[in-house]
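Below is one structure, written out as structure tokens; comments come after it.
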Amino acid sequence: MKSYDVLIWEDPPENNQTPFMLYEVSKEFTDLSYKEALKEYYSNNSTHKQLIEYQSSDPDSDGDIIEEDTEEEYENLL
């Protein structure tokens, strides 16, 4: 069964050389259904956000980023 996570970064990293993936997540919504994940993803305005899909319920499985959005001025931090 698939599950979904939504990761939200509300502020850019303090060091403008630090990628978002290495910076602290502001909000994290985990183990959501697809419908719940879409709702959280589209209802959050943020500097950067990701919607991640997991194919397995194994907590060690890797997910795939299926949606990602970054404010234009911070795209260099991807």
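All of the numbers you see were taken from the coordinates with simple rules; none came from a lab. Treat the numbers as computed from the prediction; the structure is a model and nothing was measured. Cβ coordinates were reconstructed from backbone atoms using ideal geometry, including for glycine residues, and neighbour counts include every protein chain displayed.
On a C-alpha basis, how far is the centre of region 43-68 from the centre of region 24-41 in Å? Whole number, if you could?
Using only Cα atoms to place each centre, the spacing works out to 8 Å.
What's the angle, to the nearest 10 degrees (0 to 90), between helix 34-43's Cα axis and the longest principal axis of the chain?
Result, in degrees: 20.
Roughly speaking, what is the stretch gain from ASP62 to LYS27, that is 0.36 nm per residue apart minus the C-alpha to C-alpha distance, in nm to one decimal?
10.7 nm is the gain from fully extending ASP62 to LYS27.
Within a Cβ distance under 13 Å of ASN45, other residues only, what is the Lys/Arg minus Asp/Glu net charge?
-3
Which of TYR34, TYR54, TYR42 ends up with the largest GNM mean-square fluctuation for the chain, with Cα atoms connected below 10 Å?
TYR42
Which of the trypsin sites (Lys or Arg not before Pro) across the chain are loop residues per DSSP, with 16 or fewer other Cβ within 10 Å?
Those that pass, being in a loop and sparsely packed, are LYS2.
Suppose the Debye formula is applied to equal point scatterers at every Cα of region 1-44; what is log10 I(q)/I(0) at q = 0.21, 0.23, 0.26 Å⁻¹?
Taken in order of the listed q values, log10 I(q)/I(0) reads -0.70, -0.77, -0.87.
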